[in-house]
């Protein structure tokens, strides 16, 4: 089977697409922070919490109702940004194939999942604030890590199928080669699946998803359409490099350190800010916007640090793939195709990459793989 190279991307179009994405990201951060500040400073948060206390009395019910109303309300206010960024912009640049009804269904599914996770997480968090006010940030970090591990484990089996179709890969020879590669590295997977991306997007992707017995390989049908077997195996060798490098464990550990720092600094800020805002106790759910504002600010400030570590691990996975397959050129070709298919800016400004990118630029990755005499 001959795979055609994806239509080459216009470099200026790719740069414009990325600029729009970055601008929208900044607008979402600013809008979210402004909304949280307005919610708290206007007194609306306290008014809602007081009304719920009169209506329900029991603090777990009050907290749960407050969380659901607040998350849903913020999502509704920020919906225009979600609609523009995830639907309008993607169609404007030819990346999305979804109709509005399909996109809206996915949006509502995602919102429902967010509501469930927010309800469970913040119910636990505010119980910790009530029961252990001096050390709540320690236990909150543990809960955050537990959520991260559970989400990583269950996402491929329970969450992704809500949005995409999975089918066993119907290419016996490729399947055999993939399973042989995984077995040679001592990795057990429950199967190799085709990931139905094409009905929604032209972008390509692949992943070694899940943890333990839930681990599986998923290959986007958009990837299978344009990439030869050597290129697909090189991409999977990159994913295997993350496994061999224990990158999931590394990133969870790094996330744990950052989460602990974020919750600790939020604790210090809460002690001061809640007093200034005349909120009675740290466990008063009316102060949730203050907590979220502090965590949002910390996540933005710490993003360059976490991204730098992630980029380092991506380079390591690329190097592993080139060694494992003894075919670094196949990986370089695959990355070149991904840049075209996903409309990626091959050479973004270094300061943009430093601040915002969890992956190195395609240009830098290819340069690290190809020997100097093989580069264009």
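What follows is calculated from the coordinates using simple rules that are stated; it is not laboratory data. Being a predicted model, the structure only gives us computed values, none of them experimental. We place every Cβ from the backbone using ideal geometry, glycine too, and count neighbours over all the protein chains shown.
Relative to its residue count, the stretch 227-286 spans a Cα convex hull of 123 Å³ per residue.
By how many nm would the segment from residue 347 to residue 150 grow when fully extended, if each residue of separation counts as 0.36 nm and the alpha-carbon distance is taken off?
Working: separation 197, 0.36 × 197 = 70.92 nm, distance 3.56 nm.
Fully extending the segment from residue 347 to residue 150 adds 67.4 nm.
Between 0 and 90 degrees, the angle of helix 59-83 with respect to the longest Cα principal axis of the chain falls at about 50 degrees. A compact globular protein would have a Cα radius of gyration near 2.2 N^0.38 Å; the ratio found for the stretch 106-212 is 1.44. Take the Cβ atoms of residue 167 and residue 102, set R0 to 22 Å, and the FRET efficiency comes out at 0.75. Mind checking the angle between helix 100-131 and the chain's longest principal axis? C-alpha axes, 0 to 90 degrees, to the nearest 10. Its long axis makes an angle of about 50 degrees.
Length available on full extension from residue 31 to residue 187: 0.36 nm per residue minus the Cα-Cα distance, which gives 51.8 nm. Counting only alpha carbon atoms, the long axis of helix 229-244 and the longest principal axis of the chain meet at about 40°.
Roughly how many whole Å is it from the C-alpha centroid of the stretch 298-376 to that of the stretch 231-290? Distance between centres, Cα-based: 24 Å.
Please give the contour-minus-distance gain from residue 254 to residue 91: 0.36 nm per residue of separation, less the Cα-Cα distance, rounded to one decimal in nm. Please list the in-between numbers first.
Working: separation 163, 0.36 × 163 = 58.68 nm, distance 3.56 nm.
So the chain would gain 55.1 nm between residue 254 and residue 91.
Computed from the Kirkwood radius of its Cα pairs, the Stokes-Einstein diffusion coefficient for the stretch 155-266 at 25 °C and 0.890 mPa s stands at 160 µm²/s.
Looking at the calculated P(r) for the chain, what percent of the C-alpha pair distances fall above 32 Å?
Numbers: 28502 of 70500 pairs.
Roughly 40 percent, rounded to a whole number.
Both radii were evaluated on the Cα set of the stretch 166-231; the Rg over Rh quotient, with Rh as the Kirkwood radius, amounts to 0.96. Across all directions, the shadow cast by the convex hull of the stretch 296-373 built on its C-alpha atoms averages 5.8 square nanometres. With the cut-off at 1.5 for a/c, could you classify the stretch 207-339 from its C-alpha gyration tensor as rounded, prolate or oblate? Note, shape of the stretch 207-339 comes out prolate.
Calculate I(q)/I(0) for the stretch 18-139 by the Debye formula, one identical point scatterer on each C-alpha and no solvent, and give its log10 at q = 0.09, 0.12, 0.22 Å⁻¹ to two decimals. Evaluating at q = 0.09, 0.12, 0.22 Å⁻¹ gives log10 I(q)/I(0) of -0.35, -0.60, -1.30.
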